[in-house]
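No value in this document is a laboratory result; all are computed from the given coordinates. Computed from a predicted model, the values in this text were never measured in an experiment. Positions of Cβ are backbone-derived with ideal geometry, glycine not excepted, and every protein chain shown enters the neighbour counts.
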Amino acid sequence: MLTDTGVSLPSYEEDQGSKLTRKTKEAPFVPVGAAGFAAIVAYGLYKLKSKGNTKMPIHLIHMRVATQGFVVGAMTVGMGYFMYREF
């Protein structure tokens, strides 16, 4: 099957498992960022349960900063990895 750009596309449909595997091989730091995000959220929920006398808005701000930092760090390392692999 040819598209209007002349690129040949495979004629089979890909199931979800093989698509996830292929995408993970193409961009390995996306699942790392998602896993880190989930881990920080789980840790935040655990700390929320036993927060002591920390106020809720302060706790949420700390968790937001931690998750953003982890995801930005994973993206930075991923871009560095791809640039190193490319050049």
| Cross-link reach list, lysines versus residue 47, counting only Cα pairs under 17 Å and skipping chain neighbours closer than eight places | 55
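Highest mean first, what order results for 71-82, 53-64 on Cβ atoms within 10 Å?
Numbers: 71-82: 13.7, 53-64: 10.9.
The densest-packed peptide leads the list: 71-82, 53-64.
Within the set of other residues whose C-beta is less than 15 Å from the C-beta of residue 79, count the net charge using Lys and Arg as +1 and Asp and Glu as -1.
Details: positive: 85; negative: 26, 86.
Here the count lands on -1.
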